[in-house]
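Trainee: One structure, as structure tokens, below. Some questions next.
The values are calculated or read from the model by the stated rules, or taken from the named source; none is laboratory data. Since we're looking at a predicted model, the values are computed, not measured. Note that we place each Cβ from the backbone using ideal geometry, even for glycine, and neighbour counts take in every protein chain shown. We work out accessible area using only protein heavy atoms, side chains counted, and drop any ligands, DNA or RNA first. Shrake-Rupley method; radii C 1.70, N 1.55, O 1.52, S 1.80 Å.
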Amino acid sequence: MSIFKQLILGLLLPAVVGGGIFIFAKSLTSKRESEHKKDWLSGWLVAVALSAGYSVGYIGLEGLPPLPPREGVHWLCYLAIIGLILGAFWYASRWGHLIGQIALSIVIPRLLLNSAFKYTWGPLEGIIWWVCLAVAIFIFWHIIQQSWTILPAGGSSPFVYFGLSGGTALILAVSGSLRLAQHAGVLVALFAVSWIITLVGQRSENKWQVFPISASPVVALLLSGIWMNGYFYEEVPAASAILLVMALFLAPVGRIERIQQLGARRSTIVQIGVIALPVVIAIGVAVARSGLFGESSGYE
């Protein structure tokens, strides 16, 4: 596939599809906010924008995913769809979506890493990895939900996730996995367009919370799927993978009283900067590990 075709199918087309749905969702939200009403449809449409945009990018890069999937990367499109379905019922039952989170956190490692469970790990090692990954996905999912309420309203959330997915794409690229880097690049395009649309919209209206909680399944499952594929099947250093996961754990720094005293603008800059720091370090580790500027430094 030519570079031009990859840019069209993997970046531009997902951005157009996702951005169009996102604008529609935003228009519904604006109307509902003026009426002081909550509308689950406008929130779910944000999840639709992310899921549909990624699915379009996946099909553009890979074609239709096989059923059943043969590789870990084949599951990514299905994860976007599963996340969308779960998001539709997010507000129906608190216990229902909690059970869904637990079930998916347990099932996903087994699905994506099937070959590792069969041919790489022994029974005990496989169980240990399974438990650890299930707990990590569950906690990370909640961190994503928390970050969308902790980060300031407006463009902060899409900008942070734009940087996180961009760092992921760069780390995958320098680690030798251009295929997965392209999939992360689809997320980069989606978060970039949502950030731009949000910034433009803020000129004429009050800031709004860009990502509803019902969109968290799509983002959590896709990022988890890309990261697991990158670490277990490619050459992504363990330190880089851990730093990427840990970045969002630093979002609550914005609630520290001393930082809030800096004022809204400065505290936002500090908060985003603190989140960006481990991503930048993760990129540095991956670059050093790749040997692009000399011999590999031996990071694992």
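Trainee: Based on the Cβ-Cβ distance of residue 71 and residue 103, what FRET efficiency does E = 1/(1 + (r/R0)^6) give at R0 = 30 Å, to the nearest 0.05?
Mentor: 0.85
Trainee: Right, here's the next one. Tally up the carbon and sulfur contribution to the accessible surface of the chain as a whole percent, 1.4 Å probe, everything protein left in place.
Mentor: Result for the chain: 68 percent of the exposed heavy-atom area is carbon or sulfur.
Trainee: So what's Rg/Rh here for the chain, counting alpha carbon atoms and using the Kirkwood radius for Rh?
Mentor: Across the chain, the Cα-based Rg/Rh ratio is 0.96.
Trainee: May I pose another question? If Rh is defined by the Kirkwood formula over all Cα pairs and Rg also comes from Cα, what ratio Rg/Rh do you get for the range 107-149?
Mentor: Radius of gyration over Kirkwood radius for the range 107-149 works out to 1.13.
Trainee: If we sort 251-259, 280-288 on the protection proxy, mean other Cβ atoms within 10 Å, highest first, what's the order?
Mentor: The most tightly packed comes first, giving 280-288, 251-259.
Trainee: Below 8 Å, C-alpha to C-alpha, sequence gap of six or more: please give me the relative contact order for the range 100-243 in percent. Please report the intermediate quantities before stating the final value.
Mentor: Details: 128 pairs, mean separation 41.1, N = 144.
Relative contact order for the range 100-243 comes out at 29 percent.
Trainee: So for 85, 275, what's the accessible-area order with a 1.4 Å probe, most first?
Mentor: The most accessible residue leads, giving 85, 275.
Trainee: Would you mind getting me the FRET efficiency between residue 200 and residue 242? Use the beta-carbon distance for r and R0 = 35 Å, nearest 0.05.
Mentor: Step by step, r from the Cβ atoms, then E = 0.45.
Trainee: Please compute the per residue accessible area over the range 23-179 with all protein chains in place, 1.4 Å probe, rounded to a whole number of Å².
Mentor: 48
Trainee: While we're looking at this one, here's another question. Roughly speaking, what is the stretch gain from residue 8 to residue 257, that is 0.36 nm per residue apart minus the C-alpha to C-alpha distance, in nm to one decimal?
Mentor: Between residue 8 and residue 257, full extension yields 85.1 nm more.
Trainee: Kirkwood hydrodynamic radius of the range 150-189 from all distinct Cα pairs, in Å?
Mentor: Taking every pair of different Cα atoms in the range 150-189, averaging 1/r and inverting gives 10.4 Å.
Trainee: Something else: Using protein chains only and a probe of 1.4 angstrom, how many square angstrom of residue 233 are accessible, to the nearest 10?
Mentor: 80
Trainee: Using the charge dipole of the chain (Lys, Arg: +1 at Cβ; Asp, Glu: -1 at Cβ; taken about the Cα centre), state which of 165, 214, 225 has its Cα farthest towards the positive end.
Mentor: Of the options given, the answer is 214.
Trainee: Report, in order of residue number, the helices in the chain meeting two criteria: a C-alpha extent of 15 Å or more along the helix axis, and a mean Kyte-Doolittle hydropathy of at least -1.0; treat each whole DSSP H run as one helix.
Mentor: Those that pass (Cα extent of 15 Å or more, hydropathy at least -1.0) are 13-34, 40-62, 75-88, 94-112, 123-150, 156-174, 178-201, 216-233, 264-290.
Trainee: Is the shape of the range 52-138 best called rounded, prolate or oblate, per the rule: a/c under 1.5 gives rounded, else a/b larger than b/c gives prolate, else oblate, with a ≥ b ≥ c the square roots of the Cα gyration tensor eigenvalues?
Mentor: oblate
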